[in-house]
Amino acid sequence: MTSQASAPSKVILFGEHFVVHGVKAILASINKRVKISSKKIEEKSVIVKSNIGSIKIPLHESVKNIRTPFRPFFFIVKHSLNEFGFNHGVEVLIESGVPVGVGLGSSSSCCVAAAASISGLFTKFSRDKILELAINAEKTIFPNSSGADCTVCTFGGLIEYDKKNGFKKIESQPNFFLVIANSGKTHSTTKTVAKVMKFKEGNDSVFADLCKKESQLVEEAIFSLKQNDLQAMGKSMNENQKYLEQIGVSNKKLDSMINLAQKTAYGAKLTGAGDGGCIIALTDETNLDKTMKNFEGMYECFSTKIDYAGLDTF
Ligand code: PMV
């Protein structure tokens, strides 16, 4: 028997970095998916096969000794074998359409799809239970993960998230295209978060003021999302980008990509940690092609829509 699941990836529409300091962020899942198939095997090992490499790990190995990209899968298998009293192995096949390490939530969508696919070999968990397993798996590589990425990859659509109140689904379905352009440089979220912390320490009142402005911007953005007002949303994205530049997480390459996007899109900003990774540009049918053309021959670029389906099992 094969158990299959697929989960979308994500972008941060508004509020990255400021969210670490208590401000609300808005996340959206996008229709670039990871598909995972699992099957039980006789051999007492965990086999993970993917387009970034493969590994075979004996079941008796301990989770903390496993190389990072494979650790969450091993954790999920071990956890499931324990819970369901099965003492043979599992083979996991990952087929991903999500670029790795560029802020699109590749590891979160892998954790969600893997939690669903592997647990599906033994039982049918609720989405909440799958999410809990996925977050615990992600914490084996990112101990401070807020769980926001896994949440949006599980339920799909749009969510708002802040540290104090947690997640809330934004129950509207705006209709737009996001053009995503990849700078080709992977980034380290831990390093950029530390850099922002340093900026905050040296610029206390500037940072406090930016957090206040960002909070207001996020509320305006939620309003425009609900109205599907792309002009207003684009303006807010441009404004958000300025705040991100002020805290030092953009760079020359990202700035020039954003300038390219802003020629034709309603608005553009970096998404995720910055210092590399991707930018997002807001478009509809009228300016999608033109915006894609701005990047032609220079950067990997694709168009996406919000994925309202979330996790799928089959
Ligand atoms: O680039 P990503 O997907 O790891 O996003 C990081 C988002 C931050 O706000 C910078 C950090 C965080 O934990 O929210």
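Of these, 195, 164, which one is in contact (Cβ under 8 Å) with a residue 40 or more places away in the chain, over 30 Å from residue 313 (Cα atoms) and not assigned by TED's automatic domain parsing to the domain that holds residue 294?
164
Just checking, how many residues over the stretch 68-116 are hydrophobic (A, V, I, L, M, F, W, C), more than 23 Å from residue 180 (Cα to Cα) and under 24 Å from the mean Cα position of the chain (by Cα)?
11
Applying the selection to the stretch 238-270, what residues are within 21 Å of residue 209 (Cα to Cα), in contact (Cβ under 8 Å) with a residue 24 or more places away in the chain and within 16 Å of the ligand (Cβ to nearest atom)?
Once the filter is applied, which keeps residues that are within 21 Å of residue 209 (Cα to Cα), in contact (Cβ under 8 Å) with a residue 24 or more places away in the chain and within 16 Å of the ligand (Cβ to nearest atom), the stretch 238-270 yields 240, 241, 243, 244, 246, 247, 248, 249, 250, 269, 270.
Restricting attention to the stretch 21-60, report how many residues are assigned to a loop (DSSP other than H, G, I, E, B) and under 26 Å from residue 147 (Cβ atoms).
Here the count works out to 4.
If I ask for residues that are open to solvent by 20 Å² or more (accessible area, probe 1.4 Å) and polar (S, T, N, Q), which ones from the stretch 269-314 would you list?
Selection gives 286, 294, 303, 313.
Would you mention how many residues in the stretch 22-58 are buried (at least 18 other Cβ atoms within 10 Å of the Cβ) and within 16 Å of the ligand (Cβ to nearest atom)?
Final tally of qualifying residues: 10.
Within the stretch 198-218, count every residue that is without any contact (Cβ under 8 Å) to a residue 40 or more places away in the chain and either within 19 Å of residue 164 (Cβ to Cβ) or away from the ligand (no atom under 16 Å from the Cβ) (or both).
Of the residues in the stretch 198-218, 10 are without any contact (Cβ under 8 Å) to a residue 40 or more places away in the chain and either within 19 Å of residue 164 (Cβ to Cβ) or away from the ligand (no atom under 16 Å from the Cβ) (or both).
The values are calculated or read from the model by the stated rules, or taken from the named source; none is laboratory data. Remember, predicted model here, so these are calculated numbers, not experimental data. Note that we place each Cβ from the backbone using ideal geometry, even for glycine, and neighbour counts take in every protein chain shown. The area values use the complete protein model at the heavy-atom level, side chains included, leaving out ligands, DNA and RNA. Shrake-Rupley method; radii C 1.70, N 1.55, O 1.52, S 1.80 Å.
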